[in-house]
Amino acid sequence: RLHQLRKSFGKVVAVDGVTLDVQDGEFMVFLGPSGCGKTTTLRMVAGLETTSGGDIFIGERRVNDLSPKERDIAMVFQNYALYPHMSVFENMAFALQLRKMPGEEIARRVREAADLLGLEGLLERRPRQLSGGQRQRVALGRAIVREPAAFLMDEPLSNLDAQLRAQMRTELIRLHRRLGSTTMYVTHDQVEALTMGHRIVVMNGGTVQQVGTPREIYDRPRNRFVAAFIGSPTMNLVDCEVGSSQGATYLSSPILRYAVKPEQARLLAERGAGGVTVGFRPEDVTLHDGAGPLDGRIAAGVDVVETLGSELHVYLVAEGATIVAKTGADAPVRVGARLSLEPHPERIHVFERESGVALW
Ligand code: ATP
């Protein structure tokens, strides 16, 4: 449990009041752009960094003033940090030997972890005789043998190539299911976050932007930052003014005009929202032939079509603005064609322009 956790390095505020409960056995992913304070948060939990304010609890224990050793957690880093002169076995056994654990117990734990990670045949090798994926598994093994109360992982897969990363992702999910240990996992890769996390903490500028399940974060982003950070290609965002005519309330921009429902109109009026940003994901649009100036549709020309095997990413230009649509691979889209693009009204997100807060 983190409560109002803060960290400054001189004038740089790296972590600015993070409050968060991680459930027992949960796989919690910290996601955010470079420099948002993910690693610093994790390092404070590990005890590798002092705090500038706030509290850290593991179970019922306040651990702020405990040394890393006393916190009973294991950290797995991006750069493995294996001892090059030790064998795989010795690397995994080292922390247990420091604890003066009996030899048979050490051997039993290392064998179990090696079994779990498919390292049985490699125990005598040195790290340089292993592939990147195998080294990463040894780093995991070293954490597992300690049977810690929690695992902290800082971008553990980012040194691996794309294919191996995808494979290790599923292995980690399986491993977590077997071990059931509470895990805090830092990444800037949204695919890792969406596929692995029970819940995701999205951070920006040292603060928590949203905490939720992958579905919640994707379907109901709480603000424009989260909306734009998650999803690939990113959500389309169109700045609109709020206006009304003949009793109906409209959101309008040079490319889009769309009537909102009465309850949405009331919300806009209550909030006094003048300017908003309308957001819709590339997969939440329908492309129609012809470019009639209809309400709720954007007239656009097809600029670039990317073929991704199972789908197309269609980049359209409307009055100089780029809009992206995802379609099935066999959609008849031609570069240069004029189309109208209809965001599904039920899948539209609206954010207050100034604060970025999601209204719906
Ligand atoms: P990345 O994904 O790039 O690792 P991050 O989200 O993990 O980023 P942090 O490493 O936590 O970010 O850094 C947060 C901020 O604190 C950054 O602005 C960084 O420059 C700053 N920072 C981190 N460590 C130190 C330090 N030892 N001294 C000074 N500033 C630091």
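The values are calculated or read from the model by the stated rules, or taken from the named source; none is laboratory data. In this text the structure is predicted, and so the values were computed from the model without any measurement. In this analysis, Cβ positions are derived from the backbone assuming ideal geometry, glycine residues included, and neighbour counts consider all displayed protein chains. Calculation scope for accessible area: heavy atoms of the full protein, side chains included, ligands and nucleic acids excluded. Shrake-Rupley method; radii C 1.70, N 1.55, O 1.52, S 1.80 Å.
Looking at T183, T249, T195, which one is in contact (Cβ under 8 Å) with a residue 24 or more places away in the chain, assigned to a strand (DSSP E or B) and among the hydroxyl-bearing types (S, T, Y)?
Testing whether each residue is in contact (Cβ under 8 Å) with a residue 24 or more places away in the chain, assigned to a strand (DSSP E or B) and among the hydroxyl-bearing types (S, T, Y) leaves just T183.
Looking only at residues that are of a type in the set (D, E) and out of contact with any helix residue (DSSP H, G or I) (no Cβ under 8 Å at 6 or more places or on another chain) in the range 21-57, which one is nearest to G231 (Cα to Cα)?
Of everything passing the filter in the range 21-57, E26 is nearest to G231 (Cα to Cα).
Residue check, P221 against (1) in contact with a strand residue (DSSP E or B) (Cβ under 8 Å, 6 or more places away or on another chain); (2) open to solvent by less than 20 Å² (accessible area, probe 1.4 Å); (3) not aromatic (F, W, Y); (4) not in a loop (DSSP other than H, G, I, E, B), all met but one. Which one?
Checking P221 against (1) in contact with a strand residue (DSSP E or B) (Cβ under 8 Å, 6 or more places away or on another chain); (2) open to solvent by less than 20 Å² (accessible area, probe 1.4 Å); (3) not aromatic (F, W, Y); (4) not in a loop (DSSP other than H, G, I, E, B), the one that fails is (4).
Every residue in the range 140-197 that is more than 16 Å from the ligand (Cβ to nearest atom), among the hydroxyl-bearing types (S, T, Y) and either open to solvent by less than 10 Å² (accessible area, probe 1.4 Å) or in contact with an Asp or Glu (Cβ under 7 Å, 6 or more places away or on another chain) (or both), please.
Within the range 140-197, T182, T183 meet the criteria.
From the list E70, E90, which one is assigned to a helix (DSSP H, G or I), among the acidic types (D, E) and at pLDDT 95 or above?
E90
So which residues in the range 108-121 are open to solvent by 20 Å² or more (accessible area, probe 1.4 Å) and in a helix (DSSP H, G or I), if there are any at all?
R108, R109, R111, E112, D115, L116, E120, G121
Looking at the range 311-356 only, could you name the residues that are aliphatic (A, V, I, L, M) and in contact (Cβ under 8 Å) with a residue 60 or more places away in the chain?
Residues satisfying the conditions are A318, A321, I323, V324, I348, V350.
Given the condition farther than 24 Å from P214 by Cα and modelled with pLDDT of 95 or more, answer yes or no: does some residue in the range 28-40 qualify?
Looking for residues that are farther than 24 Å from P214 by Cα and modelled with pLDDT of 95 or more, one finds none in the range 28-40, hence no.
Take the conditions modelled with pLDDT under 95, part of a loop (DSSP other than H, G, I, E, B) and surrounded by fewer than 21 Cβ atoms within 10 Å (Cβ to Cβ) and apply them to A269. Does it pass?
For A269, the condition - modelled with pLDDT under 95, part of a loop (DSSP other than H, G, I, E, B) and surrounded by fewer than 21 Cβ atoms within 10 Å (Cβ to Cβ) - is not met.
Among the residues that make up the range 170-181, is at least one of them touching a Phe, Trp or Tyr at 6+ places or on another chain (Cβ under 8 Å) and at pLDDT 95 or above?
no
I'd like to know if the range 15-38 contains one or more residues that are farther than 28 Å from G141 by Cα and more than 16 Å from the ligand (Cβ to nearest atom).
yes
Among what's in the range 304-360 and is outside any strand (DSSP E or B) and open to solvent by less than 20 Å² (accessible area, probe 1.4 Å), pick the residue that is farthest from G279 (Cα to Cα).
That would be A337.
Sort through S8, S87, S67 and tell me the only one that's polar (S, T, N, Q) and within 12 Å of the ligand (Cβ to nearest atom).
S8
Any idea which residue in the range 39-55 is nearest to the ligand (Cβ to nearest atom), counting only those that are touching a strand residue (DSSP E or B) at 6+ places or on another chain (Cβ under 7 Å) and of a type in the set (A, V, I, L, M, F, W, C)?
L42
Farther than 22 Å from I230 by Cα and either out of contact with any Leu (no Cβ under 9 Å at 6 or more places or on another chain) or open to solvent by 20 Å² or more (accessible area, probe 1.4 Å) (or both): does that describe R137?
When the stated conditions are applied, R137 passes them.
Just to verify a result, which residue in the range 280-303, among those that are of a type in the set (A, V, I, L, M) and not in a strand (DSSP E or B), is farthest from Y250 (Cα to Cα)?
Restricting to residues being of a type in the set (A, V, I, L, M) and not in a strand (DSSP E or B), the top hit is A291.
Within the range 58-97, can you find the residues that are surrounded by fewer than 12 Cβ atoms within 10 Å (Cβ to Cβ), in contact with a helix residue (DSSP H, G or I) (Cβ under 8 Å, 6 or more places away or on another chain) and of a type in the set (S, T, Y)?
Hits for the range 58-97: nothing passes.
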